[in-house]
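Q: Got a structure here, written out as structure tokens. Questions coming.
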Amino acid sequence: MDLNTLRQFLVVARLEHLSRAADELRVAQPSLSRTIARLEGELGTPLFDRAGRLRLNDTGRLFREHVERALGELDAGRRAVAEAAGEGFGTVRLASETFLTFTGPLAAYKRAHPDVEVELHQMPAADMARSLHAQEVDLCVASQPIPADGLESAELLDEEVWLATPLGHPLAGRTSVSVDELAGRPFIAAHRGHWQRRLIDRLFAARGLVPKIVCEGDEVSAIAELIIAGLGISLVPALARASASMAPVSWITVDSPDCRRTVTLYWGAGRRLSTAARLMRAAIRDWDWPAGGPSERR
């Protein structure tokens with residue numbers, strides 16, 4: 001059971017598709033299939049169900065957790081040795097649902113530490129806990145709760161989420177609006193699983209309603225342009241109001257105490273972070289998010 005076999009297993013487990021895994025790994029599919037079969041033979045049990053399409057089974061999921069932790073520890077050890085050998089602060093790996101609001105602290109961090117290599121990973125919140133436990137990333141920032149077992153966290157921001165409409169919209173000029181008044185109105189929303197879409201669905205479901213989604217996609221940055229174009233309305237966090245691209249819209253308070261977003265920074269509990277990661281954690285945690293600048297706190 002060598003490291004290459006384990007890394008190949010993780011790719012197959014993630015994709016649950018041999019040919020796509022072979023393409024990503026740049027190996028022949030028959031060779032990859034034999035590698036997985038040998039691994040299962042060594043373990044004495046199947047890791048995948050093969051009825052119909054390939055599916056990771058319960059045993060495979062259990063094994064994947066251990067492999068991710070083992071390989072994560074090896075990678076962490078390699079980076080720790082490199083840092084101890086005097087090869088600089090190393091690398092920091094940060095994951096977030098979006099980096100639109102991170103340009104300020106990231107730019108400040110890079111100016112202060114130009115030799116640090118910063119890796120940014122955009123991922124859904126549902127994948128963050130696993131990535132932290134597997135040490136694929138050092139830090140995660142999420143706008144919705146993630147499983148906190150074995151993790152530490154720091155709240156960065158709790159802010160109101162506003163309704164944004166085109167300037168000529170019938171609701172434009174209102175100071176507040178109820179969720180019931182939004183029923184049947186066309187919404188522009190992020191994809192399912194994103195914090196903004198979860199918030200929309202939760203607000204409507206609490207009143208026995210279903211939102212009318214006319215546009216759903218991964219390009220969250222395009223939401224502002226679609227609102228301005230008059231294609232619909234959407235929920236937008238207060239932090240985005242400072243963005244120039246959001247200026248020509250009408251901002252309306254949603255009459256619900258639950259229409260808020262909490263942004264939280266997560267990292268592995270009891271895990272030794274590299275110097276680069278510790279500096280990044282401090283930079284993000286100490287950033288003055290409402291003001292959009294460095295905090296006076298040190």
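The values are calculated or read from the model by the stated rules, or taken from the named source; none is laboratory data. Remember, predicted model here, so these are calculated numbers, not experimental data. A quick note on method: Cβ atoms are made from the backbone with ideal geometry, for glycine too, and the neighbour counts reach across all protein chains shown.
Q: Among the numbered criteria (1) in contact with an Asp or Glu (Cβ under 7 Å, 6 or more places away or on another chain); (2) modelled with pLDDT of 95 or more, which one does Phe204 miss?
A: (1)
Q: Please enumerate the residues belonging to segment 23-45 that are hydrophobic (A, V, I, L, M, F, W, C) and more than 11 Å from Phe9 (Cα to Cα).
A: Let us first name the residues in segment 23-45 that are hydrophobic (A, V, I, L, M, F, W, C), namely 25, 27-28, 32, 36-37, 39, 43.
The answer is Val27, Ala28, Leu43.
Q: For segment 118-149, enumerate the residues that are more than 27 Å from Ala238 (Cβ to Cβ), among the acidic types (Asp, Glu) and free of Cβ contacts under 8 Å to residues at least 60 places away in the same chain.
A: Glu119, Asp149 - these are the residues of segment 118-149 that are more than 27 Å from Ala238 (Cβ to Cβ), among the acidic types (Asp, Glu) and free of Cβ contacts under 8 Å to residues at least 60 places away in the same chain.
Q: Please enumerate the residues belonging to segment 275-298 that are part of a loop (DSSP other than H, G, I, E, B), modelled with pLDDT under 85 and within 23 Å of the chain's Cα centre (by Cα). Spell out the reasoning first.
A: First pass over segment 275-298, keeping only residues part of a loop (DSSP other than H, G, I, E, B): 286, 289-292, 295-298.
Checking the rest, the ones that are also modelled with pLDDT under 85 come to 290-292, 295-298.
Those that are part of a loop (DSSP other than H, G, I, E, B), modelled with pLDDT under 85 and within 23 Å of the chain's Cα centre (by Cα): Pro290, Gly292.
Q: Next up: Can you tell me which of Glu117, Glu160, Glu181, Glu152 is modelled with pLDDT under 90, over 15 Å from the mean Cα position of the chain (by Cα) and among the acidic types (Asp, Glu)? Steps first, answer last, please.
A: Working: Glu160 fails: modelled with pLDDT under 90; Glu181 fails: modelled with pLDDT under 90; Glu152 fails: modelled with pLDDT under 90.
Of the residues listed, the single one that is modelled with pLDDT under 90, over 15 Å from the mean Cα position of the chain (by Cα) and among the acidic types (Asp, Glu) is Glu117.
Q: Still on this model: Suppose we keep only residues that are under 18 Å from Gly52 (Cα atoms) and not acidic (Asp, Glu) within segment 13-23. Which one would you say is surrounded by the most Cβ atoms within 10 Å (Cβ to Cβ)?
A: Quick first cut of segment 13-23, residues under 18 Å from Gly52 (Cα atoms) only: 13-21.
Checking which are not acidic (Asp, Glu) leaves us with 13-15, 17-21.
Numbers: Ala13: 20, Arg14: 14, Leu15: 17, His17: 14, Leu18: 18, Ser19: 12, Arg20: 14, Ala21: 23.
Ranking the candidates gives Ala21 first.
Q: Tell me, which residue of segment 231-253 that is out of contact with any strand residue (DSSP E or B) (no Cβ under 9 Å at 6 or more places or on another chain) and of a type in the set (A, V, I, L, M, F, W, C) is modelled with the highest pLDDT?
A: So the residue we want is Ala242.
Q: A follow-up question, please. Which residue is surrounded by the fewest Cβ atoms within 10 Å (Cβ to Cβ), if the candidates are limited to segment 24-61 and must be among the β-branched types (Val, Ile, Thr) and assigned to a loop (DSSP other than H, G, I, E, B)?
A: Thr45
Q: Given the residues Leu54, Leu18, which is the only one that is touching a Ser or Thr at 6+ places or on another chain (Cβ under 8 Å) and in contact (Cβ under 8 Å) with a residue 24 or more places away in the chain? Steps first, please.
A: Details: Leu54 fails: touching a Ser or Thr at 6+ places or on another chain (Cβ under 8 Å).
Leu18 is the lone residue from the list that is touching a Ser or Thr at 6+ places or on another chain (Cβ under 8 Å) and in contact (Cβ under 8 Å) with a residue 24 or more places away in the chain.
Q: Which strands (runs of 3 or more DSSP E) does segment 133-202 wholly contain that include 1 or more residues that are buried (at least 18 other Cβ atoms within 10 Å of the Cβ) and among the hydroxyl-bearing types (Ser, Thr, Tyr)? Don't jump to the end; show me each part of the working.
A: On the way: elements: 139-142, 151-165, 186-190.
Output list reads 151-165.
Q: I want to confirm something. Restricting to segment 260-282 and keeping residues that are polar (S, T, N, Q) and under 22 Å from Arg78 (Cβ atoms), which single residue is surrounded by the fewest Cβ atoms within 10 Å (Cβ to Cβ)?
A: Filtering first and then ranking leaves Thr275.
Q: Check Ser221, Ser176 and return the single one that is of a type outside the set (Val, Ile, Thr), closer than 27 Å to Arg130 by Cβ and not assigned by TED's automatic domain parsing to the domain that holds Thr98. Talk me through it step by step, then tell me what you get.
A: Values: Ser176 fails: closer than 27 Å to Arg130 by Cβ.
Matching residue, one of Ser221, Ser176: Ser221.
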